[in-house]
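Single-structure report; data block below.
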Amino acid sequence: MSVVSSPQLRAQLLREQLNHHAYLYYILDQPALPDAEYDRLFRELEALEAQHPELRTADSPTQRVLGKVLDGFAPVRHTVPMLSIRTETDTEASGAEHFDARVRRELELSSAAAPVEYACELKFDGLAINLRYEHGVLVQAATRGDGETGEDVTQNIRTIRQIPLRLQNVSAPVLEVRGEVYMRRDEFEQLNARQRELIAAGHKNEKTFVNPRNAAAGAVRQLDSSIAARRPLSFFAYGLGDVQGWDVPPTHSGVLDALAEMGLPVCVERAVVKGATGLIEFHQRIGNQRDALPFDIDGVVYKVNSLALQQRLGFVTREPRWAVAHKYPAQEQITRVLDIDIQVGRTGKLTPVAKLEPVFVGGTTVSNATLHNEDETRRKDVRVGDRVIVRRAGDVIPEVVSVVADQVNQVDQVTAVGKRSAPFDLFKQLNGHCPVCGSDIAREMGEADWRCTGGLYCSAQRKQAILHFAGRRAMDIEGLGDKLVDQLVDSDRVKTLADLYTLDVATLMQLERMGEKSAQNLVDGLNASKKTTLARFLYALGIRQVGEATAKDLAKHFGSLDRILHASVEELLLVNDVGPIVAQSIHVFFAQPHNREVLDALRAAGIHWDEHAGSNADASPKPLAGKTFVLTGTLPALSRDEAKELIEAAGGKVSGSVSKKTHYVVAGAEAGSKLQKAQELGVMIIDESQLQALLSHTT
Ligand code: IVH
């Protein structure tokens, strides 16, 4: 290894290495360096810069968070104005046809002329940012403002790890990149969950955010960049601003490809299509995928691909004639709260749920929306009779976001009495008792939730516990749905999980609407579920804090149920990812005599698994260790779950979505968007027989 003696060269080398690894990590999703090693290099650079402040350059990764609190944002005049896009609110195919027809008319194309080529993108729901790079180095970031003048938010934008501080192989004196700062849905949910915990713990100044866009916009306009740095922001580039000294490619799609080459994040969901049919296909394809995307979009954007044609089309006021945003049905709507119900969850958690006047939002009709907990309901001050904004995005449960602002004035026309109902009070509403079993309710210090103290005595908790136990990823009992569970619990035929296995065809046939065939199916399903794995069984028990991953870790670590039953909190803490709260919860669960009785009864009913299978003691070969798989389409012989189990048993991982981190996509019949994504990303695509071959490899 050559020793670099000059601090200047060493600093440059460290900067280049760190920037390169940040690119692999944040843009390509393909980390090549252990985190600890990255941190070591980072600290070395920090130390070097502390000794030699003159070595601290603008593109140094140590300069992302400067910790200076600003008094306000300086205005930035955009060299090239930041335009907006005309919105096509017709969410049907005709919306795309209108745009194409308009473009053809403006270009004076005859009906015989070839179809126009378009670049299709997503319409991200965040806020527009202009990034100014001079000689490849990020020198300024500004908001759109009124399109002419925005605000200098460089400090905050520098904290976004996906935004390169230096572009790869760009020396142009000026290159302005435009794009959208946004927040992923999962990161938004986690942020709000953290905020709710802070509020429950007494942090009065904290609040939850209404939606990812508001959370992102708030973070970008934070005067204290250390706060902005803690908000999980992301970025997609979608265009150019001022450019000097760079040969702009002749098409928009070429521009996007070039931006990706420079190390900027460009969304892979993009396409070049021809004519209105191509636009419609893109709109539909993305519409079907919308819920599965990791971030909110409110539509797609079509842009005439040729920059020469764009120039010919020009603008009307602030909107280009060559672009349009084609919307999807809104993910937020206004409706009225008819009532506030309180639901009892599997662990006794009491959740206020707003009963709504049905409203079409995010593609489905919603009549219930969660209010999360008492504090949230009070903070948002949601009351029966109020007009509220409801949000449903992705697979997340619909929620009440806020009360419509001029509520107090609205109410007069609504309630004859002319005043709003009383503020929400969970304890008062329930008179201190569980709405299902009548047990006392309790809320512990520092906890956000009220809970029913009835445990499995509470039929609501029992029903949820049984449904969880029977779930596909738990004991996988075919034929046990929620209607049947209601009947079994309400008729007192099933009081504990073990009672399930005492059901026979004759007993089941006494239930309403239960024929012999369904009864037999359920009995068969119950029998089939008896052979399982320790991990599934542990997960099925529904121990608080023990999800699927923890159950697998426990099974692997201990190898047998008895060893887990007798484990101390200290011993539990030795398991991968098990912290004090989880260890305590497991320990308490197994210390309860009634839980031990249920376990014994379940084992007596014949539930079994191979002890030690998959445990640490297990020396079976792991040919797929470290490899990530995504399954798509229908495989000829294996079911999804079977394929997943085989891959995991061989040490591999199965993920739900394709990224550059994916090693293999296993594709079967009618594989859809995941296959396409794999092709776009150049991920290896294999079929079932190739998977079998990988599995049988023993080295
Ligand atoms: S292009 C000339 N592309 O939509 C067109 N904008 O009204 C300039 N937006 O606030 C914008 N996704 O931030 C463009 N793929 C996309 C976009 C996009 C979202 C936002 C943009 C601006 C608004 C334009």
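The values are calculated or read from the model by the stated rules, or taken from the named source; none is laboratory data. These numbers were taken from a predicted model, which means no experiment stands behind them. Reconstructed Cβ throughout: ideal geometry from the backbone, glycine too, with neighbour counts over all protein chains shown. Areas reflect the complete protein model, heavy atoms only, side chains present, ligands, DNA and RNA absent. Shrake-Rupley method; radii C 1.70, N 1.55, O 1.52, S 1.80 Å.
Computed from the alpha carbon atoms alone, the convex hull of segment 421-553 holds 136 Å³ per residue. Between Arg379 and Thr87, the modelled label-to-label distance comes to 2.8 nm, taking each label 7 Å out from Cα in the direction of the beta carbon.
Using DSSP to define loop residues, name the GluC sites (Glu not before Pro) in segment 39-130 whose beta-carbon has at most 15 other beta-carbon atoms within 10 Å.
Details: sites: Glu44, Glu46, Glu49, Glu54, Glu88, Glu92, Glu97, Glu106, Glu108, Glu117, Glu121; in loops: Glu92, Glu108.
Filter output for segment 39-130: Glu92, Glu108.
How big is the dipole moment of the chain about its Cα centre under a simple scheme where the beta carbon of each Lys and Arg is +1, that of each Asp and Glu is -1, and everything else is neutral? Debye, nearest 20, please.
On the way: 81 positive and 92 negative charges, 124 e Å.
Computed about the Cα centre, the dipole is about 600 debye.
Ordering Thr317, Thr351 by accessible surface, largest first, gives Thr317, Thr351; the 1.4 Å probe counts only protein heavy atoms, with every chain in place.
A simple count of charges around Glu478, restricted to other residues whose Cβ falls under 14 Å of its Cβ and scoring Lys, Arg +1 and Asp, Glu -1, yields +2.
Shown here is the pair-distance distribution of segment 197-307: with all Cα-Cα distances grouped in 10 Å bins from zero up to the longest one, the shares run 10, 30, 30, 19, 8, 2 percent. Just the protein heavy atoms count here, and of the accessible area of the chain at 1.4 Å, carbon and sulfur take up 50 percent.
Protein heavy-atom accessible surface, 1.4 Å probe, per residue over the chain: 48 Å².
What does the helix-only formula give at 222 nm for the chain: each DSSP H stretch with n ≥ 4 adding -39500 (n - 2.57), the total divided by the residues, and the result rounded to the nearest 500 deg cm²/dmol? Please list the in-between numbers first.
Values: 26 runs with 254 residues, N = 699.
It lands at -10500 deg cm²/dmol.
Stokes-Einstein diffusion of the chain at 20 °C, 1.002 mPa s viscosity, Kirkwood radius from Cα pairs, rounded to a whole number: 73 µm²/s. Compactness of segment 357-514 is given as radius of gyration and Dmax, 20.0, 61 Å, from Cα positions.
Semi-axes of the equivalent ellipsoid for segment 439-510, please: Cα gyration tensor eigenvalues, times 5, square-rooted, ordered largest first, whole Å. If you can, show how the numbers build up before the last one.
Values: eigenvalues 150, 41, 16 Å².
The equivalent ellipsoid of segment 439-510 has semi-axes of 27, 14, 9 Å.
Working note: Debye formula, equal point scatterers on the alpha-carbon atoms of segment 499-631, no solvent; log10 I(q)/I(0) at q = 0.09, 0.12, 0.22 Å⁻¹ is -0.35, -0.59, -1.29. If the chain linking Glu261 and Glu44 were pulled fully straight, counting 0.36 nm for each residue of separation and taking away their Cα-Cα distance, it would gain 75.2 nm. Global size of segment 6-130: 24.2, 70 Å for Rg and Dmax (C-alpha atoms, Rg to one decimal, Dmax whole). Taking every C-alpha pair closer than 8 Å and separated by at least 6 residues, the mean separation divided by the residue count of segment 568-699 gives a relative contact order of 22 percent. Of the GluC sites (Glu not before Pro) found in segment 495-556, those that fall in a DSSP loop while having at most 14 other beta-carbon atoms within 10 Å are Glu512. Toward the positive end of the charge dipole of the chain, with +1 on the Cβ of Lys and Arg and -1 on the Cβ of Asp and Glu, the farthest Cα among Val268, Ala519, Leu48 is that of Leu48. Taking amide H positions as modeled 1.01 Å from N, with prolines and chain starts lacking one, the residues under 5 Å from Cys267 and 5 or more places away or on another chain are Ala237.
Please work out the FRET efficiency for the pair Ala528 and Ala604, using the Cβ-Cβ distance as r and a Förster radius of 22 Å; give the result to the nearest 0.05. Before the final figure, lay out each step's value.
Numbers: r = 18 Å, r/R0 = 0.83.
Computed FRET efficiency for Ala528 and Ala604 comes out at 0.75.
The modelled label-to-label distance for the pair Leu107/Gln140, using points 7 Å beyond Cα in the direction of Cβ, is 3.5 nm.
If I histogram all Cα-Cα distances within segment 131-272 using bins 10 Å wide from 0, what percent of pairs lands in each bin? Values per bin, smallest distances first: 11, 38, 31, 14, 5, 1.
Counting Lys +1, Arg +1, Asp -1, Glu -1, what net charge surrounds Ala549 among other residues with beta carbon under 14 Å of its beta carbon?
Values: positive: Arg473, Arg536, Lys552, Lys556, Lys644, Lys653; negative: Glu548, Asp553, Asp577, Glu648.
Local charge sum for Ala549: +2.
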